[in-house]
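Shown next, in structure tokens, is the structure this report addresses.
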Amino acid sequence: MSRLLRAGLFARAVLFTAAVHSALFIVLIQGFSWFTPPKRGGEPISASVVFARDIGDWRAEDLRKREGAARAARQMGEALARQKEERRAAEKLAQQKRAEEKEKKKRQKQLAERRKAEQAERAEQAAREAENKRKVDAVWRRAAEDALSALIGRIAAKVERNWRRPQTSRAGLRATIRVNVARDGSVTGARVTRSSGDPLFDQSAERAVLKASPLPFPKDPQYYEFIDTFDFKFHPDEL
Amino acid sequence: MSAHSRIALFALALAAMARPAAAVVTIDVTRGTESRIPIAVVPFAFEGAGAAENLPAAIIEANLARSGRFAPLAREDFAARPQTPEEVRYKPWRLLKVENLVIGRLKEQKDGRIQIQFRLLDVFRERQIAGQKFTVPAARLRKTAHQISDIIYEKLLGRRGAFDTRIAFVTVDGRPRRYRLQIADADGHSPKTILESSRPVLSPAWSPDGRRLAYVSFEQNRSMVYIQDLWSGKRERIAGYDGINGAPAWSPDGRRLALTLSKEGNPEIYLYELAGGKLRRLTRHTAIDTEPAWSPDGGGVIFTSNRSGRPQIYRISARGGAAERVTFGGKYNAGASYAADGKSLVLITNQGNGYRVALYSLAEHSVRELTRGRHDESPSFSPNGDMIMYASQAGGRGVLAALSLDGRVRQVIRTRAGAVREVDWSPYGGQ
Amino acid sequence: MHKLPDILLRRAAALVALFAAMLLAACTTVTPYSDPVVVEVPLEGLDDLGAADEDIIEPSDTYIYEDDASGLSEKELLEKRVIYFDYDSSFLSELGEAVSNAHARNLGGDANARVILEGHADERGTREYNLALAEDRAKTVADVLQALGVDGARIEVVSYGEERPAAAGSNEAAWSQNRRVEILYQ
């Protein structure tokens, strides 16, 4: 049993020594840093077998050595334990971090998705609103266009009533008269911006606009903010 | 709808039409009127001993009215009577919708002649369109007024006026009857008798140069054709054959006269060369062929023939050949002459309501009656083609009437004594 | 021969007429334009020239004339010196033909008798056309005379167109009197 014990002790010692040597060796080879987390977390440190030189010699100083070694081993063990603890802690931290990261990512993803959904909803809402607005606008615009074309019609009718076409006019004559109006629709300026080439025709057009003054303009002076210039295009359609 | 929403509508409409605010709105104007030009002829002031101030303005006003292209404002509606451009205030005339204003002054010169100046003003564009000064003997004041009328007409219508032209016509009065061939201004004023006879005179025809008149006179108790020089009074009988000698018509170049002779049995159209007196027969038909009139290019002659049973217009080349029928429809189409553009004829038609002046479109073969009388005859174009003078009846008496080509304005020219018939409007020039 | 004094009388009348005509012809005066006779002709205002109040009478092709030659003696036919025509026509009516024939026989009996046939038209239509139409009427009568053996040299045809109406007025009653050929013995 004692042999067995001894052998057990020995084996333990050898293993211990080997472990210490390996540790030292590794420390020597690799350097050591408390703060460096294991590069490959979770992977076992590889052990190497060291054969004893002389067990007889070893014995004498074995105790001392053993004590020292034990102390060292204890220290080492503690360090290792600490290290292990620390590693575990680090690992745990990393794990925690990873989890946190994962959680964060998940949250972000969720957030993004929510945001996307919200955006889609908002877009849909906007589209609905735009569609409504478009429909309303279309109605208004039609009304507005009707109002404007009615106004243009009234103005054109008055100018046409006042336009005495020269009898010499040939077919295809075209003249444009640029006309400025005052707030009440009265013509403040008229000039030929595109001549028909026939002075009598141009004159008749200019005169027609002047004769039609004031143009049948809406009473509200604010219309003037929108319309104060007209281009009258004179082109007889039946000659 | 509130004013605001209406304004908003406008903004919208403008925006809808892709135009910025305070945009230029384009308005198409395609239908004008062809109404008469509203014009005011202000009586001219006169500085001198006489009292001639109203004469030129009154003549100008009457001329413009008669043309059918102008609507002179009644004097009682005049806003003012300015004589110089400085005195003109345009706005009141604008309110009266008068487009043009004629103002002027007369000043007697030391030598007794009269200086007359006129201005044609554009009321809406506020500028002078024409202005001129003449110094003339008092006796020429009337002619000057016609010339001014021509200037106004041309400036405002772009066509030459025909006021300073003359008409030849025949008057009949008295018992026993006296026939007078007279020449007067185109408005019927200042008639001068160039032939007086106890026998009928008809068919006066101006030479294209306006210096001679061809006519038919019965002074030898038969119809014969004469040409009379207007200045010398010298005349020549160019056709006094057996039978009818009638219907003289000058060729556009003035070298030939188409006329109707029945010396070979029945009325046919002949061409008479004025230089040399050569006579050539143009038509050959047993029916009546008469009333020749030249086409504007002188290449052909239209005439009246009853070869279809009723009078209709036919055409034949001035070189002869076969005649082709021109007018169709109606019981009676006669006495035709070409419009200046050669596209239509003015003639006497009877569509069942009387003998009336009508325009016959050669392209469409359509007749448009211009008058509403029962015995209208002898239509004659003014040299610018814008008016027709014809003989009509009013109050049982023969009168002359001036007609605008659209048929809307007719003015009767009466003589104080006697009936008027058979009119021909002179060409330009020859005075 | 009992007609001779009558014919002589007519000849005398024709001579007087011819003399008067020559006098009147001499009465024609020509005035040059440069030496004017001034007559005041007032210009009056715009005047609408509508149809007169009288009813408008359509040109008639079917106006019924006295056209019954039956029962008329040769003397009665010869006493008719005017032959009437339809509107725009130079066809002889039955009566017109009978009258023409009677005058042809009368002329045939006197180799020296000469006749002037005056053609006339009513006022309607153009003057020159009416001048031609009136001549055509006179020539129709002349053709009958010649067909019955009267020498053409003894017949003179003159057209007055619408210039010498027999009846005044603008109605069918006047017009029917004016569309005529007058037979004037020389």
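Rule-based calculations on the coordinates, nothing more; no lab input. Please read all numbers here as calculations on a predicted model, not as lab measurements. Note: ideal-geometry Cβ built from the backbone for every residue, glycine included; neighbour counts use all protein chains shown.
General remarks:
- A simple spin-label model places the labels of A:R82 and A:A157 10.6 nm from each other, with each point 7 Å out along Cα-to-Cβ.
- Derived scalar couplings ³J(HN,Hα) [region C:87-101; Karplus, 6.51 cos²θ - 1.76 cosθ + 1.60; whole Hz; x for Gly, Pro]: 4, 6, 9, 10, 7, 7, 6, 4, 5, x, 5, 4, 5, 4, 4
- Cβ-to-Cβ counts within 10 Å put A:L148, C:L131, B:L274, C:L148 in ascending order as C:L148, B:L274, A:L148, C:L131, the fewest first.
- 5 angstrom amide H check on C:R114, placed H, neighbours 5+ away: C:Q186
- Distance in nm between pseudo-label sites at B:D253 and A:T229 (7 Å out along the Cβ direction from Cα): 6.0
- Contact order, relative form, for region A:163-234: 43 percent (alpha carbon pairs under 8 Å, 6 or more residues apart, mean separation divided by residue count).
- For region B:37-157, share of DSSP beta bridges that run antiparallel, in % to the nearest 5: 65
- Between A:D137 and A:A171, the simple label model (points 7 Å from Cα in the Cβ direction) yields a spacing of 4.3 nm.
- Which of B:S308, C:S100 has the fewest Cβ neighbours within 10 Å, and the rest in rising order: B:S308, C:S100
- Longest exposed-site-free window of chain B, the sites being GluC sites (Glu not before Pro) in a DSSP loop that have at most 16 other C-beta atoms within 10 Å: B:127-263
- Sites C:E94 and B:H285, calculated FRET efficiency, Cβ-Cβ separation with R0 25 Å, nearest 0.05: 0.35
- Each distinct pair of alpha carbons in region A:163-234 adds a 1/r term; the inverse of their mean, the Kirkwood radius, is 12.6 Å.
- Sites A:N180 and B:A139 - FRET efficiency at Förster radius 60 Å, r taken between beta-carbons, to 0.05: 0.70
- In sequence order, region C:141-150 has phi-based couplings of 5, 4, 4, 5, 4, 5, 4, 9, x, 7 Hz under the Karplus curve 6.51 cos²θ - 1.76 cosθ + 1.60, θ = phi - 60°, and Gly or Pro positions carry x.
- Rounded to 10°, Cα long-axis angle of helix B:54-66 versus longest principal axis of chain B: 80
- Close amide H partners of B:H375, meaning residues 5 or more places away or on another chain with modelled amide H under 5 Å apart, are B:Y355, B:Q393.
- Helix B:141-157 vs. chain B, principal-axis angle (Cα, 0 to 90°, nearest 10): 70
- Across peptide B:168-179, the average count of Cβ atoms from other chains found within 10 Å of a residue's Cβ is 1.
- Remark: region A:123-133, residue by residue, has Karplus-estimated 3J(HN,Hα) of 4, 4, 4, 4, 4, 4, 5, 4, 4, 4, 4 Hz, where x stands for each Gly or Pro and the curve is 6.51 cos²θ - 1.76 cosθ + 1.60 at θ = phi - 60°.
- Two-site FRET efficiency, B:E34 against A:R114, from Cβ-Cβ distance with R₀ of 60 Å, rounded to 0.05: 0.20
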